[in-house]
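Worksheet: one structure, shown below.
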Amino acid sequence: MALSVLEEIKNQKPSELQSRSRESLNWFREQLRKIRVPYNNLIAQSGDYAESVELGKFYMYVYEAKWQDKLPYWDRFPFVLPFRYASGGFYGVNFHYIRPADRLLLLEELYRYAEEDDDTRIKFTYGMIKSISALKYAKPCVKRYLYDHIDSRICEVKTEFWDLLVMIPSQDFNENANTVYAQSRNKY
């Protein structure tokens, strides 16, 4: 039986990336670049469809930005950690706006804010992002998402896939990803 894409990567032990050498990390990144997974396959393999968005949990969906003709760039397939509800949607941290290595650093720092009685939820605020230096990578990732611009079912990402999906290059910008990363680095 063929393994799913996520199972194959999971067997490569991505949660041990920090302890690997720079060479191993570069090898792993190269393997991830070779993977081209359709949105629907990635959603189906990594989570469950959600009826609503809960703060502090990760979600993926297809998104059509409201002001896409005026935005310099936007992500059609966000990997978002919502932290505040807003009229008609929510604010969240879309990890795709920073380099994969920075994503891992940010996620590791955010784990410190997992709820004690529920490790499937991370509790933080915009004020924390602005004031805690270890959360600096989140600054360029804060985006507002409107429910009526979500163009697919919303998938809640299972906790065991967070480390893995933060590294997968599943972003779909209307601009070159390296350009987005460079702009984001200016905002740290």
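The values are calculated or read from the model by the stated rules, or taken from the named source; none is laboratory data. Because the structure is predicted, anything quoted here is derived from the model rather than measured. Note that we place each Cβ from the backbone using ideal geometry, even for glycine, and neighbour counts take in every protein chain shown.
In segment 52-105, which residues are touching a strand residue (DSSP E or B) at 6+ places or on another chain (Cβ under 9 Å), free of Cβ contacts under 8 Å to residues at least 40 places away in the same chain and hydrophobic (A, V, I, L, M, F, W, C)?
Selection gives nothing.
So is Ser19 at pLDDT 55 or above and surrounded by fewer than 20 Cβ atoms within 10 Å (Cβ to Cβ) or not? Step through it out loud before you land on a result.
Working: at pLDDT 55 or above: no; surrounded by fewer than 20 Cβ atoms within 10 Å (Cβ to Cβ): yes.
So Ser19 does not fit the description; no.
Quick one: how many residues across segment 61-88 are farther than 20 Å from Asn174 by Cα and buried (at least 18 other Cβ atoms within 10 Å of the Cβ)? Reasoning before the result, please.
Initially, segment 61-88 is screened for residues farther than 20 Å from Asn174 by Cα, giving 81-88.
Add one more test, that the residue is buried (at least 18 other Cβ atoms within 10 Å of the Cβ), and what stays is 81-83.
Going through segment 61-88 one residue at a time, the tally reaches 3.
Looking only at segment 113-143, filter to residues that are of a type in the set (S, T, N, Q) and within 14 Å of Leu81 (Cβ to Cβ); which one of those is surrounded by the fewest Cβ atoms within 10 Å (Cβ to Cβ)?
Thr125
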